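Note sheet for the following structure.
The values are calculated or read from the model by the stated rules, or taken from the named source; none is laboratory data. Predicted model only: the values in this text are computed from it and were never measured. Ideal geometry is used to build each Cβ from the backbone, glycine not excepted, and the neighbour counts take in all protein chains shown. To get the accessible areas, we keep the full protein, side chains included, count just its heavy atoms, and leave off ligands, DNA and RNA. Shrake-Rupley method; radii C 1.70, N 1.55, O 1.52, S 1.80 Å.
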Amino acid sequence: MIKAFIKYRSVLAIVISLGFTLNAFGQQPEKKLLRKGNQLYNVSNYVAANQKYTEALTVNPNYDKGIFNQGNAYYYQEQLDSALLNYELAANLMETSTEKAAAWHNIGNIHFDNQQYQESIDAYKESLRAN
């Protein structure tokens with residue numbers, strides 16, 4: 001009986017280990033989609049990049065880098081309202097001060113483009129505070 005238990009315990013340990021290994025390879029598909037979006041973005045295909053970012057955000061709606069990068073794609077498509085929403089959300093979700101500063105800087109750029117100079121100054125100040 002004890003030999004059977006040890007045998008099954010060993011098999012169970014192998015199955016569990018294999019499950020964790022396979023799970024590690026399959027984790028975070030949003031990062032894979034983000035990388036594909038970035039490749040498209042880097043060749044100025046902002047519409048297709050935006051679609052990949054949308055797919056990444058479907059997998060993980062709070063993916064801060066996906067939200068930020070989608071804001072960039074919107075910006076270059078001259079969809080400033082959408083870009084602004086993405087940057088504001090990203091500024092609240094970003095974890096590092098450098099990332100927060102970049103989001104606030106881009107918020108400032110959009111306000112500047114919209115000739116909202118006080119809002120632009122306020123956003124740039126927030127960027128400096130974050131960094």
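Some notes on this structure:
- Solvent exposure, largest accessible area first (probe 1.4 Å, DNA, RNA and ligands not counted), of 85, 40: 85, 40
- What the Cβ-Cβ distance of residue 58 and residue 79 gives, at R0 = 25 Å and to the nearest 0.05, is a FRET efficiency of 0.85.
- Environment charge at residue 110 (Cβ cut-off 10 Å; Lys +1, Arg +1, Asp -1, Glu -1): -4
- Accessible area of residue 75 (1.4 Å probe, protein heavy atoms only, ligands and nucleic acids ignored): about 60 Å².
- Mean projected area of the Cα convex hull of the range 33-110, taken over all directions, amounts to 4.4 nm².
- Whole-percent carbon and sulfur share, accessible surface of the range 28-107, 1.4 Å: 50
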